[in-house]
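The values are calculated or read from the model by the stated rules, or taken from the named source; none is laboratory data. Model, not experiment: these values are computed from the prediction. Please note: Cβ atoms are built from the backbone with ideal geometry, for glycine as well, and neighbour counts cover all protein chains shown. Calculation scope for accessible area: heavy atoms of the full protein, side chains included, ligands and nucleic acids excluded. Shrake-Rupley method; radii C 1.70, N 1.55, O 1.52, S 1.80 Å.
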Amino acid sequence: MAPETRTKPIQDQIDLEFEGKRVTLPVVKGSEAEAAIDIAKLRSSTGLITLDPGYGNTGSCYSGITFIDGEKGILRYRGYPIEQLAERSSFLEVAWLLIQGELPSQSQLANFQQLIVRHTMLHEDMRRFFTALPKDAHPMPVCAAAIGALATFYQRQEDEQFRHDVAVRLIAKMPTIAAWSYKHSIGQPVLYPRNDLPYASNFLRMMFGTPCEDYVVDPVVAKALDLLLILHADHEQNCSTSTVRMVGSSRANLFASISAGISALWGPLHGGANQEVIEMLEAIEAEGGNVDRFMQRAKDKNDTTRLMGFGHRVYKSYDPRAAILKRTCKEVIGRVGGSSRLLEIAIKLEEIALRDEYFVSRKLYPNVDFYSGVIYKAIGIPVNMFTVLFAIGRLPGWIAHWMELRNDPASKINRPRQIYTGPKERPYVALEARR
Ligand code: SDX
C-alpha cells in the first residue's frame, strides 16, 4: 500500500486571544514548506470555530499524493513533475504510482496491466442495468449509478486485499461502463472488451467499433487519449476528490465513494467545464466567430456568461496541464485532420484574455478544461462523453486519496461545523391558529 503520510513535526506556533481566553496553536509545515495553523484546540480553548465558505483557505488533511504550486504552475504526482510523466509515462503506470506511492518495476507494471486487462468485463446482469435507463440519459449519472451498483456484485467483508481488488476492478471496468453507456444512448449493441488491446485502445474500440465493422485504433489517437488520462489522474483536494474523501470518511465502501465523486465531477464549475468549453466555442463559431463580443459578455457582471475553461481556485498562473494539451491539440488535429476552427477560436480567446486587465487582475488563466475538449472532439469523442473521460482519468487519484484516508489510523469521520443564522427559539403554533 502507499507509504504512510508523514506529518512534519510542529515547526512553529501562533498565539490567539479572544474575550480574555488565550490559546497557543501549533503551526505545521509540509514537505514543500506549506504552513497551516492546526486549530484542533481552538474551540475547546476559546469557543471559536473558523469559517471558510468554499474551503479556499482550509486544509482538510495531510496528503502525500499530489503537490500543486498555484503561483508557479507546478503539478507533481508523488514528486514526479507532470511534464515528465506526460512525456514518458503511461496512464496505468501513473495509476500505480498514485495508488502505491512509487513507480512500478517492470514486472510490477506488467502484472498490473495483465490484472487490469483480466477484469475489464462486466457481470452479464449489468447489461440489463443499462437497458433499464432512458436512451437520452447523460452518461455521467449512468456511470455514477453503474459504479454504485457494482458494489452489489462484490459484497465481501472489507479488508486490505479486498480494497486492492476493488481498486483494480474499478480501473478495469470504468472504460467498459463508459463505452456501454454511450452505446446504449445511440441504440447500438455493446462490444465486449478485448484482452489483447492496451487500455486506451480497448476503450476506443468499445466506443466506435460495431459487430459489423471493427474499429482500427490509430496509435496517435490512442496515445493522445492515454495522455489526457494521465493529465486528469489527480489534482489533490479538488471538489470531487474531497467528495470521495468525505464519503470514505464515514467508512462507506470504495464503490459508494467513487460514485459520489463522479456526481461531484459532473458539475459545470468542475469536470463538466470541458463540455461547456466546446459548447462555448461552437456557439462563438456559429455566431460568426466574434470573440471580442463574447469576451465583453464574459466580463459583464450582469451577464452570466463565463469564459469556461478559464480560472482556477488554486492556479493563479497557467495550468501546466493546459500548456501540454495546447501543444497536443495541434499534433492530433494535424494527424487526424478535422477542423482546427475551434482550436483557432480557443487560441484567440486565450490571446485576448492574457492581455485583458479583467482576466489578468483576477489571475484567470486557461485550466485543464480549456483545450481538452478540442482534442476529445478531434478524436471523435461525443461532447456529452467528455466529462466521463475526465472521470476515467481521475479514478486512480480518487482511489489513492480514499486509500490514504482509510490507511490513516488517525482519520475520523468528516463533520464540519457551521454558524447558525436561522430564527431564535419560538413556540409551535397550532394549525387552526395560523392565518
Ligand atoms: C477543474 O480544483 C481543481 O483542481 C479542479 C480541477 C481538477 O483537476 O480537479 O482543476 C478541474 O474543475 C478546473 C476548473 C473548471 N471550471 C471552469 O473552467 C469554469 C469557469 N471557471 C470559473 O467558474 C472559476 O474560475 C472556478 C470555478 C474555476 C474557480 O472559481 P473561484 O476560485 O471560486 O473564483 P470566483 O468564482 O470567486 O472568481 C473570482 C473572480 C470573480 O469576479 P469578481 O467577483 O472578483 O469580480 O473571477 C471571476 C469571477 O466572476 N471569474 C471569471 C471566471 N472565473 C472566475 N470571470 C469570467 N470567466 C471565468 N471563467
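Odds and ends about this structure:
- Across the chain, C-alpha contacts under 8 Å between residues 6 or more apart give a mean separation that, scaled by the residue count, equals a relative contact order of 19 percent.
- In order along the range 316-332, phi translates into HN-Hα couplings of 10, 8, 5, 4, x, 5, 5, 5, 5, 5, 4, 5, 5, 3, 5, 4, 5 Hz, rounded to whole numbers, per the Karplus curve 6.51 cos²θ - 1.76 cosθ + 1.60 with θ = phi - 60° and x for Gly and Pro.
- Largest GNM mean-square fluctuation among G64, G380, G337, using the chain with Cα springs under 10 Å: G337.
- 1.4 Å probe accessible area per residue over the chain, in Å²: 51
- Value of relative contact order over the range 273-378, rounded to a whole percent, pairs C-alpha under 8 Å and six or more apart: 43
- Of the trypsin sites (Lys or Arg not before Pro) found in the range 69-164, those that fall in a DSSP loop while having at most 14 other beta-carbon atoms within 10 Å are K72, K135, R156.
- Restricting the GluC sites (Glu not before Pro) of the range 270-329 to loop positions (DSSP other than H, G, I, E, B) with no more than 15 neighbouring Cβ atoms within 10 Å leaves E287.
- Each principal axis of the range 279-394 carries a Cα extent, and these read 37, 34, 23 Å when sorted largest first.
- With one equal scatterer per alpha carbon and no solvent term, the Debye-computed log10 I(q)/I(0) for the range 222-315 at 0.24 1/Å reads -1.21.
- Taking Cα atoms only, the orientation of helix 341-354 departs from the longest principal axis of the chain by about 30 degrees.
- Cα long-axis angle, helix 91-100 against the chain (0 to 90 degrees, to the nearest 10): 30
- More than 12 Å apart - percent of Cα-Cα pairs taken over the range 10-59: 66
- What a 1.4 Å probe finds exposed on the chain is 51% carbon and sulfur by accessible area, rounded to a whole percent.
- Sparse packing (at most 12 other Cβ atoms within 10 Å of the Cβ) combined with a DSSP loop state is found for the following trypsin sites (Lys or Arg not before Pro) in the range 268-336: K301.
- Whole-number percent relative contact order across the range 257-330, with pairs defined as alpha carbons under 8 Å at least 6 apart: 21
- In whole percents, the pair-distance distribution calculated for the chain from its alpha-carbon pairs, binned every 20 Å from zero, is 23, 53, 21, 2.
- Stretch gain in nm, segment A33-T305, where the contour uses 0.36 nm per residue and the Cα spacing is subtracted: 94.1 nm
- Candidates P53, P104, P26: whichever shows maximal mean-square fluctuation once the chain is modelled as a Gaussian network with Cα springs under 10 Å: P53
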